[in-house]
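The values are calculated or read from the model by the stated rules, or taken from the named source; none is laboratory data. The shown structure was predicted, so the numbers you read here are calculated from the model rather than taken from an experiment. Here Cβ is always computed from backbone atoms with ideal geometry, including for glycine, and neighbour counts include all displayed protein chains.
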Amino acid sequence: MPWPSSTCWRDRPTGDRRPATGDRRQATGDRRQKERVIPSERQRVEESPSSRKRDSVPPFRYSRFPIPDSRPLLLGAHTSIAGGTHEAPPRANAIGATAMQIFTKMANRWAERECEAPELEAFSAAVAATDLRALNAHDSYLINLASPDKVLRARSIESFVCELRRCEALGLGALVSHPGNFMDDRASGLARNADAIVEALARVPGKARLLLETTAGSGTALGATFEELAAIIARVPARTRRRVGVCIDTAHIFAAGYDIARDYDAVIARFDERIGLDRLGAMHLNDSKAPLGSRRDRHELIGEGAIGELAFRRIMTDERLTEVPKVIETPKLDDPVKTDRRMLGRLRRFAAG
Ligand SMILES: [Zn+2]
Ligand SMILES: [Zn+2]
């Protein structure tokens, strides 16, 4: 199944009243841009004291497959499972990937499925024939664990539990999940999101980690600030918290107001301070069609959008991020293999310095 579009479905503005910010930014000049490096106070939430404390995260095995350690760069793409999950590893291999992200079902449908033994064997064999070392799943776009609607939230939790089960069965290292939309009240939404995570993780014991993805913050989407992600994590009891990490999407944090293009060090320092780099379990490397602080989620080819090359050069040469699997979710144009190969080649060149 192809990546639905260059826009994450759930991040699309829904009745967003903000005008496009491009012109406004120009009019108010650099000072405003500087202020947008860190999102505004309005979005911050009260942190409980414990959210600043970091419990140590045990060494995280990205994949349970015995794969040779010959390619240290964990780099790949979100990959289609059209034809079955076993079809994804050869596709990832065709673009020279060592990391891969997949959906484990139709991401825009509620219909669930379980992974049966033949699928697990086929998938495992397919992975073993590649250089893949880091394997993650991305959850369905319909899930909203923060919803105030009891029916939708219960349905979301059931769906999320199934996502975790498939992830565990397939031996994937982590499930990447967007925090939900709060709809009514931000603090209540964060609590509902965290409590749903705790419930789901309790129902699916195992090794697969949950990675909360940073969002662009359109509408009532939670997770556009590091403080909000820290607040969700802080509400998870310490024992379960060991299974929870974060996935940074470069396009999303840029759209949320974190200026990785001009102030990379400050953004990473803020992440480390609020969440801790030891919790960074994956990165989505996407350039952004939408400008800084626009709250719009529009992915662009690496180095060809509003973020530009420099931030990606910094990421690819940042030794603190070497062990973090990085996948692209960039437009595939009319030839997915050719385009993804080109993007990964570009990132590898950045890594080479
Ligand atoms: Zn996105
Ligand atoms: Zn995502």
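Points to keep in mind about this one:
- Of all the criteria given as (1) more than 19 Å from VAL267 (Cβ to Cβ); (2) within 16 Å of ligand 1 (Cβ to nearest atom), the one not satisfied by LYS338 is (2).
- Residues of segment 205-234 classified as within 16 Å of ligand 2 (Cβ to nearest atom) and outside any strand (DSSP E or B), total: 12
- Condition check for ARG165: more than 16 Å from ligand 2 (Cβ to nearest atom), within 30 Å of LEU292 (Cα to Cα), modelled with pLDDT of 95 or more and part of a helix (DSSP H, G or I): no
- Reported count of residues in segment 202-218, each being farther than 11 Å from SER177 by Cβ, surrounded by 14 or more Cβ atoms within 10 Å (Cβ to Cβ) and away from ligand 1 (no atom under 11 Å from the Cβ), is 4.
- Single match in ASP334, ASP340 (criterion: surrounded by fewer than 20 Cβ atoms within 10 Å (Cβ to Cβ) and either farther than 22 Å from LEU212 by Cα or acidic (Asp, Glu) (or both)): ASP334
- Matching entry among GLY245, GLY308 (being away from ligand 1 (no atom under 16 Å from the Cβ) and within 19 Å of the chain's Cα centre (by Cα)): GLY245
Here is a yes/no grid of residues against (1) of a type in the set (Ser, Thr, Tyr); (2) within 26 Å of ALA216 (Cβ to Cβ); (3) touching a residue at least 24 places away in the same chain (Cβ under 8 Å):
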{"site": "MET100", "(1), (2), (3)": "no, yes, yes"}
{"site": "GLU116", "(1), (2), (3)": "no, no, no"}
{"site": "GLU119", "(1), (2), (3)": "no, no, yes"}
{"site": "SER124", "(1), (2), (3)": "yes, no, yes"}
{"site": "ALA146", "(1), (2), (3)": "no, yes, yes"}
{"site": "GLU163", "(1), (2), (3)": "no, yes, yes"}
{"site": "ALA169", "(1), (2), (3)": "no, no, yes"}
{"site": "LEU175", "(1), (2), (3)": "no, yes, yes"}
{"site": "HIS178", "(1), (2), (3)": "no, yes, yes"}
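- Subset of segment 277-317 [surrounded by 22 or more Cβ atoms within 10 Å (Cβ to Cβ), among the charged types (D, E, K, R) and more than 16 Å from ligand 2 (Cβ to nearest atom)]: ARG279
- Residue within segment 111-119 that is in contact with a helix residue (DSSP H, G or I) (Cβ under 6 Å, 6 or more places away or on another chain) and surrounded by fewer than 17 Cβ atoms within 10 Å (Cβ to Cβ) present: yes
- Verdict on ARG239 being surrounded by fewer than 21 Cβ atoms within 10 Å (Cβ to Cβ), among the basic types (Lys, Arg) and closer than 24 Å to ASP195 by Cβ: yes
- Residue match in segment 294-313 (condition: under 12 Å from ILE248 (Cβ atoms), out of contact with any Cys (no Cβ under 6 Å at 6 or more places or on another chain) and at pLDDT 95 or above): yes
- Evaluation of ARG242 against the conditions (1) away from ligand 2 (no atom under 16 Å from the Cβ); (2) touching a His at 6+ places or on another chain (Cβ under 7 Å) shows that the sole unmet condition is (2).
- Subset of segment 183-196 [more than 16 Å from ligand 2 (Cβ to nearest atom) and either touching a Cys at 6+ places or on another chain (Cβ under 6 Å) or under 17 Å from SER140 (Cα atoms) (or both)]: ALA196
- Selection of first residues in segment 328-353 that are farther than 22 Å from ASN136 by Cβ and of second residues that are at pLDDT 95 or above and surrounded by fewer than 16 Cβ atoms within 10 Å (Cβ to Cβ), restricted to Cβ pairs under 7 Å at least 6 apart or on distinct chains, gives the following pairs, ordered by first then second residue: GLY353/THR317.
- Single unsatisfied condition, ALA351 versus (1) within 16 Å of ligand 1 (Cβ to nearest atom); (2) not in a loop (DSSP other than H, G, I, E, B): (1)
- Helices (runs of 4 or more DSSP H) contained entirely in segment 238-305, each with at least 3 residues that are closer than 24 Å to LEU333 by Cβ and in contact with a Leu (Cβ under 9 Å, 6 or more places away or on another chain): 250-255
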